[in-house]
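Taking it in order: structure first as structure tokens, then the write-up.
Every number in this text was worked out from the coordinates using simple rules, so none of it is lab data. A quick note: this is a predicted structure, and the numbers were derived from the prediction, not measured. A quick note on method: Cβ atoms are made from the backbone with ideal geometry, for glycine too, and the neighbour counts reach across all protein chains shown.
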Amino acid sequence: MTYSHEVQLMCPVTQGVHHGAAPIPQEAKWVKAKEVKDISGLTHGVGWCAPQQGTCKLTLNVKDGIIQEALVETVGCSGMTHSAAMASEILPGLTILEALNTDLVCDAINTAMRELFLQISYGRTQSAFSEDGLPIGAGLEDLGKGLRSMVGTMYGTLAKGPRYLEMTDGYVTGLALDDNSEIIGYQFVNFGKMMDFIKKGDDANTAFEKSKGQYGRVADAVKIIDPRHE
């Protein structure tokens, strides 16, 4: 180790009080994390690309410093889906330090990894006070039945007003309007459920009908419009 001339000329002074790392909450324990292997927790975070055209929600489940589970959800850029596929292969098995310094191809996914590293290393995880943390597979619970991301897609113009295109409930097929043409409910089809019905042997039309639902005062609607074509 090389010291500058100025430091070499200094007289030694004993370092006083030094308690080491402050403890952080991890899986219902207070841990003084000194090495990567001391880090555990499940958490979520979001990232965005440099041109801010797309975003990524990343969920990681870390045990003893190693990423055991990764859920990568992307919105806004077609290329991000390919990057997400690569990231889901790359991330499990890496330490959080390796993952922070690994090229995950997509700028938004890299940014999400950075944000998660901060949360995890500072003990700000979703499982900070959960005894033994959350099991591997907990990330899938975010997706619910049908294993589809919770996505909301809305569009609106001053001239023609709002259009609900997709809700967590599913793909919106109809907007219920009152006599003032205000939205009072919507109809939808849940594609996750639909695919499950088809896998079980239902034909497409039957599965489609069984996967329909509605929300709000649809029964009171004066008119129901197709949000994509009307």
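What label, among (i) 18.5; (ii) 17.8; (iii) 21.3, belongs to Kirkwood radius over Cα pairs in Å computed from the structure on display?
(iii)
Rounded to the nearest Å, what's the spacing between the alpha carbon centres of the stretch 182-206 and the stretch 52-84? Just the number, please.
Spelled out, the Cα-based centre of one part sits 27 Å from the other.
So which trypsin sites (Lys or Arg not before Pro) in the stretch 150-202 pass both tests, a DSSP loop state and at most 11 other Cβ atoms within 10 Å of the Cβ?
Lys160, Lys200
At a Förster radius of 35 Å, what calculated FRET efficiency corresponds to the Cβ-Cβ distance of Lys210 and Ile184, to the nearest 0.05?
So the FRET efficiency works out to roughly 0.90.
Would you please give the residues with an amide H less than 5 Å from that of Leu134, counting only those at least 5 places away or on a separate chain, with H modeled from the backbone geometry?
The list, which skips near neighbours in sequence, is Leu42.
For the stretch 92-168, which GluC sites (Glu not before Pro) pass both filters: DSSP loop (anything but H, G, I, E, B) and at most 14 other C-beta atoms within 10 Å?
Within the stretch 92-168, the qualifying GluC sites (Glu not before Pro) (loop, at most 14 other Cβ atoms within 10 Å) are Glu131.
Stretched out fully, how many nm does the piece from Val218 to Phe129 gain, at 0.36 nm a residue minus the Cα gap?
Taking Val218 through Phe129 to full extension adds about 27.8 nm, to one decimal.
Got a sec to turn the phi values of the stretch 79-92 into Karplus ³J(HN,Hα) couplings, 6.51 cos²θ - 1.76 cosθ + 1.60 with θ = phi - 60°, whole Hz, x for Gly and Pro?
Ordered by residue, 3J(HN,Hα) equals x, 5, 5, 5, 5, 5, 4, 5, 5, 5, 7, 6, 5, x Hz.
Mind listing the phi-derived Karplus ³J(HN,Hα) values for the stretch 55-69, rounded to whole Hz, using 6.51, -1.76 and 1.60 with θ = phi - 60°, and x for any glycine or proline?
Couplings: 9, 10, 9, 10, 10, 10, 10, 10, 10, 6, x, 9, 6, 9, 8 Hz.
Cα gyration tensor of the stretch 153-225, axes a ≥ b ≥ c as square roots of the eigenvalues: rounded (a/c below 1.5), prolate (a/b > b/c) or oblate?
prolate
Wrap a convex hull around the Cα atoms of the stretch 23-142, take a quarter of its surface area, and give that in square nanometres.
For the Cα atoms of the stretch 23-142, the hull's average projected area reads 6.6 nm².
Would you please give the FRET efficiency between Lys37 and Leu147, computed as 1/(1 + (r/R0)^6) with r the Cβ-Cβ distance and R0 = 35 Å, to the nearest 0.05?
0.65
Could you tell me the calculated FRET efficiency between Ser78 and Thr168, based on Cβ-Cβ distance and R0 = 22 angstrom, to the nearest 0.05?
According to the calculation, E is roughly 0.50.
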